[in-house]
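**Student:** Sharing a structure, written as structure tokens. Questions coming.
The values are calculated or read from the model by the stated rules, or taken from the named source; none is laboratory data. Note that this is a predicted model, so its numbers are computed, not measured. Virtual Cβ from ideal backbone geometry, glycine too; neighbours counted across all protein chains shown. Ligands, DNA and RNA are stripped out before the accessible areas are found, and what is left, the full protein with its side chains, is counted by its heavy atoms. Shrake-Rupley method; radii C 1.70, N 1.55, O 1.52, S 1.80 Å.
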Amino acid sequence: MKYSVEELVEQLIELSFAEDIGDGDHTTLCCIPEDAMGKSHLLIKEEGVLAGVEVAKQVFHHFDPSMQVDVMIGDGAHVRPGDIAMVVSGKVRSLLQTERLMLNIMQRMSGIATMTARYVERLKGTGARVLDTRKTTPGMRMLEKEAVKIGGGTNHRIGLFDMILLKDNHVDFAGGITQAIDRCHDYLKRKGLNLKIEIEVRSFDELQQVLDHGGVDRIMLDNFSVADTKKAVDIINHRYETESSGGITFDTIRDYAEQGVDFISVGALTHSVKGLDMSFKAC
């Protein structure tokens, strides 16, 4: 079953409220009158790139359509401690019950956007683009990949459905490079699908097999050293897109980019990010 991005985000919000509120926010219900009205503002407490504003609006309106959201700072803006990103008005009960979900989403998305922006700046002038991966939080992939884009990065495939990526295990189980590529083309033809094909290579021998056989759009150089990356890029000579992957860090990514690869995938953009510090306080 295929879902739109909007449907997946709505399902995430619904599930998140279910796990957080359960049969009722008894703390709020016991001490806040039903008709009490108020305002809260989103206070930035750490420098970075803001992301998740549009999703936050969706969270508020999903829970209580009467809530009013006044945005001062939008997605992609550079923020500093003391900035007020938005002011939200409405029922106090609604402000209190939406606070944590909104913060969880915005802190994580802003952390990813901030990290991505650092990597993008690190690659400036090289021509290489930083890619995210599928190493995302289950259920939050669409939001995390959107945060990568907000930070200036480029999305790799969204999931297993929108691109062919023949990795080492696929090649090994298929019996080799040639068999994997041939089966891929047979499948796409039978299914009437038009998907880009990328293949991972682990050695110069595998690289040569791909070049001899053809039939792909991009070659991923997995765990190649910087020197071997340069050699591989020269051998490929722009016949295919190139991607470096495997153990590449913030400190080493520019070294790889300077060897002429088109893309560099970095799992750390989403799997080991610290959230950007912010709070939602009454005002």
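**Student:** Among the residues of the stretch 89-106, how many are among the small types (G, A, S) and assigned to a strand (DSSP E or B)?
**Tutor:** First, pick out the residues of the stretch 89-106 that are among the small types (G, A, S): 89-90, 94.
The next check asks that each one be assigned to a strand (DSSP E or B); those that pass are 89-90.
Residues that pass the stated criteria total 2.
**Student:** Test of understanding: among R239, R254, R190, which residue is at pLDDT 95 or above, basic (K, R) and assigned to a loop (DSSP other than H, G, I, E, B)? Let's see the steps before the verdict.
**Tutor:** Numbers: R254 fails: assigned to a loop (DSSP other than H, G, I, E, B); R190 fails: assigned to a loop (DSSP other than H, G, I, E, B).
On inspection, the qualifying residue turns out to be R239.
**Student:** Shifting gears a bit: Going by the conditions given, is G247 in a loop (DSSP other than H, G, I, E, B), open to solvent by 20 Å² or more (accessible area, probe 1.4 Å) and either in contact (Cβ under 8 Å) with a residue 40 or more places away in the chain or touching a Cys at 6+ places or on another chain (Cβ under 9 Å) (or both)?
**Tutor:** Details: in a loop (DSSP other than H, G, I, E, B): yes; open to solvent by 20 Å² or more (accessible area, probe 1.4 Å): yes; either in contact (Cβ under 8 Å) with a residue 40 or more places away in the chain or touching a Cys at 6+ places or on another chain (Cβ under 9 Å) (or both): no.
No, not satisfied.
**Student:** Does the stretch 51-68 hold any residues that are open to solvent by less than 40 Å² (accessible area, probe 1.4 Å), within 15 Å of V87 (Cβ to Cβ) and within 22 Å of the chain's Cα centre (by Cα), and which are they? Before the answer, list the steps.
**Tutor:** Initial filter on the stretch 51-68 (open to solvent by less than 40 Å² (accessible area, probe 1.4 Å)): 51-53, 55-56, 59-60, 64, 67.
Retained after the next criterion (residues that are within 15 Å of V87 (Cβ to Cβ)): 53, 56, 60, 67.
Of everything in the stretch 51-68, those that are open to solvent by less than 40 Å² (accessible area, probe 1.4 Å), within 15 Å of V87 (Cβ to Cβ) and within 22 Å of the chain's Cα centre (by Cα) turn out to be V53, A56.
**Student:** So, one more: From the residues in the stretch 125-134 that are closer than 13 Å to G246 by Cα and of a type outside the set (A, V, I, L, M), which one is nearest to the chain's Cα centre (by Cα)?
**Tutor:** D132
**Student:** What are the residues in the stretch 70-88 that are outside any loop (DSSP other than H, G, I, E, B) and crowded, with 18+ Cβ neighbours inside 10 Å, if any? Full working, then the answer.
**Tutor:** First pass over the stretch 70-88, keeping only residues outside any loop (DSSP other than H, G, I, E, B): 70-71, 78-79, 84-88.
Within the stretch 70-88, V79, A85, M86, V88 meet the criteria.
**Student:** If C184 passes every condition in (1) more than 30 Å from F60 (Cβ to Cβ); (2) within 18 Å of the chain's Cα centre (by Cα) but one, which one does it miss?
**Tutor:** (2)
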